[in-house]
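Some notes on the structure that comes next.
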């Protein structure tokens with residue numbers, strides 16, 4: 001046996017950028033082929049992409065009546081543990097008489113130690129190979145060709161669609177891949193995108209309530225964003241809730257509804273009629289009598305065509321079936337006006353086709369025998385160029401405009417992978433109608449070749465290459481469940497108009513400003529998140545916050561920390577630098593600032609607990625947060641105490657002793673059913689409530705001798721507040737109440753009893769006091785009175 005091997009770069013490699021697959025073609029000329037001894041034979045080693053390969057053949061078949069041929073990793077036995085390499089390759093037996101009859105098959109595989117060879121057990125029948133008249137063996141010589149493209153493995157965790165392809169994907173909300181594939185297809189029809197941009201919207205519109213604005217926003221982000229784009233605003237504008245986003249809807253129906261909505265919104269605008277201009281075609285439904293002169297025509301428009309897949313080998317066969325003439329005769333005669341029952345011909349012919357032709361392939365149909373929906377996975381071919389003027393325009397009506405050339409080029413292929421009960425959708429699109437295809441699979445966009453976009457989406461059956469050529473007896477064929485279900489063609493004569501340039505001048509200024517601002521905010525948040533470990537968020541509550549919130553959003557607690565001023569401070573900065581920042585923000589001198597740490601107390605209240613000590617203020621912000629924050633989150637919550645002098649200017653806080661307790665007071669007005677914060681006081685731990693009554697009356701605006709009742713607020717399980725009957729279950733457990741002869745306490749639900757809720761003239765002050773402020777005996781007495789009050793006057797307790 002004499003073997004001549006030749007390796008040469010494939011023609012396609014010359015124009016490929018460096019990051020594209022490295023491709024080479026290897027030719028193996030095998031002389032004295034019929035006299036080969038041995039079951040299998042290897043070619044010489046050739047190198048592609050820095051890897052060593054060879055071709056393996058079984059001249060008499062690998063236990064089958066077919067030539068078996070595989071691509072093998074030549075040095076698999078010497079490679080390190082865990083090796084792998086990916087290759088897309090084709091193997092061929094060259095026809096030396098007629099090149100067009102060369103037998104070629106291709107596949108792709110991830111080679112590794114377990115699967116170091118891959119290929120075809122049933123490459124071609126031995127009867128054909130050894131037939132001298134077929135041209136595969138000439139002068140007892142066989143020519144084998146192998147074309148191998150070695151691709152780098154894609155790490156999808158770090159894959160950047162924008163960087164690799166120039167395009168970005170759409171995020172899947174749960175089951176919205178079908179919508180994503182359709183939206184990408186529409187977006188990559190530039191004339192459609194431009195029309196959407198020119199739809200009138202205003203800066204006051206909200207995307208979630210306006211389909212045009214939501215679509216404009218989505219298209220803008222697809223055009224200018226560096227990352228995948230969310231579709232939530234668009235689905236909200238459809239009126240969908242979260243549940244709808246997890247349900248797969250009908251793609252054709254979504255396409256029609258979306259186009260109808262846009263068509264309606266375009267009326268009376270500069271882009272009125274765009275949808276019809278792009279997608280609308282017309283056909284004539286006719287019935288023509290055979291024996292009398294009578295014909296009935298009905299013109300209908302369409303935005304897409306549904307083509308049969310079952311029983312049709314390709315798109316042309318489907319169009320043939322679409323215009324097929326039906327005979328109405330026998331029991332099915334046609335009732336013609338003035339002519340009675342007549343033999344007739346019934347059919348459909350096209351008056352015109354649209355510039356953008358959308359073909360819905362009927363991959364799903366109802367099976368009456370099985371009483372269920374089924375998916376048609378039959379092989380169905382579609383051409384790169386579609387000529388609907390073929391056979392002298394047999395699809396057109398006699399009066400159709402024949403000056404328009406109905407030659408179409410394929411723009412996109414929408415694919416369904418799976419069965420009738422679910423699956424996955426993605427799209428292959430040529431955004432510029434060049435030879436380069438792209439696969440849009442939700443968030444990921446990848447470059448693909450023409451074969452991947454066309455032939456591999458035909459459906460049908462495919463032979464599974466043998467894992468171990470030496471032991472497998474027969475090839476295994478499997479049904480391909482990934483196949484095209486929608487095709488979009490663009491007419492050649494309208495290509496320049498439809499594939500127009502779309503840039504920022506086509507986008508409304510308010511939309512550009514809005515979306516650029518959104519993008520800037522997004523980038524800012526992203527940066528903040530990336531640098532979060534370097535910063536501490538300090539939330540500062542002041543008296544002004546308590547006055548603003550208590551009685552509006554806050555009833556039991558003092559303040560909602562999510563609504564107070566936040567400072568983002570670097571952890572390594574000293575706390576004194578933060579105080580200088582506060583001084584700039586509020587105009588409060590550093591020496592007039594005293595900060596308190598918050599703490600959760602045993603009665604489940606959350607209050608300022610103690611002021612920061614001098615040595616704590618000398619620490620860095622990060623150190624202070626770690627010491628004071630038991631939850632170990634990134635936030636530090638503080639209360640800023642500021643005292644003012646007679647001139648209302650900030651002064652240095654007074655010295656605080658261990659006996660001093662800080663109390664916060666709320667005032668409740670039953671007449672207006674209002675609750676408000678009235679201030680705070682330092683009191684002595686051993687002092688009596690009577691010591692501060694005059695001050696409280698002054699703070700509440702009462703006369704100094706007004707009789708008031710004081711209650712402590714604490715949180716209890718299932719406690720109710722009856723400050724007014726609109727504020728129940730606020731867990732307020734104590735109030736200050738004007739003295740009542742009927743009751744001087746609380747009922748057991750933690751709400752004021754007696755006259756609190758029933759006498760409009762009553763005034764109350766709600767106090768936030770420490771529990772030890774009230775003597776234990778006093779609390780016991782109140783508790784006993786609570787039980788008696790509950791038995792005596794249930795009607796007085798609001799529930």
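Just so it is clear, none of the values below were taken in a lab; they were calculated from the coordinates. Everything numeric here is computed off the predicted structure, so don't read it as measured data. For neighbour counting, all protein chains shown are included, and Cβ atoms are generated from backbone atoms with ideal geometry for every residue, glycine included.
Over all alpha-carbon pairs in segment 503-563, figure out the percentage whose distance exceeds 14 Å.
72
Bin width 5 Å, alpha-carbon pairs only: give the P(r) of segment 187-318 as whole percents, running from 0 to the bin holding the largest distance.
2, 8, 13, 17, 16, 13, 10, 8, 5, 3, 2, 1, 1, 0
Label 7 Å along Cα→Cβ of residue 267; segment 178-206 residues with amide nitrogen under 19 Å?
Correct set: 196, 199-201.
Please compute the length gained on full extension between residue 114 and residue 648, using 0.36 nm multiplied by the number of residues separating them and subtracting their Cα-Cα distance.
183.9 nm is the gain from fully extending residue 114 to residue 648.
Among DSSP beta bridges lying fully in segment 329-474, give the percent that are antiparallel, nearest 5.
About 95 percent, rounded to the nearest 5.
How much length, in nm to one decimal, is gained on full extension between residue 227 and residue 571, taken as 0.36 nm per residue of separation minus their Cα-Cα distance?
Gain on stretching residue 227 to residue 571: 120.8 nm.
Could you check the simple spin-label distance between residue 691 and residue 141, using points 7 Å along Cα→Cβ, in nm with one decimal?
Between residue 691 and residue 141, the simple spin-label model gives 11.7 nm.
What is the ratio of the Cα radius of gyration of segment 3-151 to 2.2 N^0.38 Å, with N the residue count, to two decimals?
Ratio of Cα Rg to 2.2 N^0.38 Å: 1.04.
Using a simple spin-label model with points 7 Å from Cα along the Cα→Cβ vector, what separation in nm is obtained for residue 509 and residue 128?
6.8
What is the projected area of the convex hull of the Cα atoms of segment 281-498, averaged over all directions, in nm²?
17.5
Can you figure out the FRET efficiency of residue 365 with residue 345, using R₀ = 30 Å and their beta-carbon distance, to the nearest 0.05?
Calculated transfer efficiency: 0.70.
For segment 531-656, what does the convex hull of the Cα positions come to per residue, in cubic angstrom?
Dividing the Cα hull volume of segment 531-656 by its residue count gives 124 Å³.
Can you work out the FRET efficiency for the pair residue 202 and residue 552, with r the C-beta to C-beta distance and R0 = 35 Å, to the nearest 0.05?
The pair residue 202/residue 552 has a calculated efficiency of 0.60.
Between residue 392 and residue 404, with labels modelled 7 Å along Cα→Cβ, what's the label distance in nm to one decimal, could you check?
2.3
Calculate, for residue 681 and residue 584, the FRET efficiency according to 1/(1 + (r/R0)^6) with r their C-beta to C-beta distance and R0 30 Å; round to the nearest 0.05.
Efficiency, rounded to the nearest 0.05: 0.50.
Taking 0.36 nm per residue of sequence separation and subtracting the Cα-Cα distance, how much length would be gained by fully extending the chain between residue 531 and residue 385, in nm to one decimal?
Extra length available between residue 531 and residue 385 comes to 47.3 nm.
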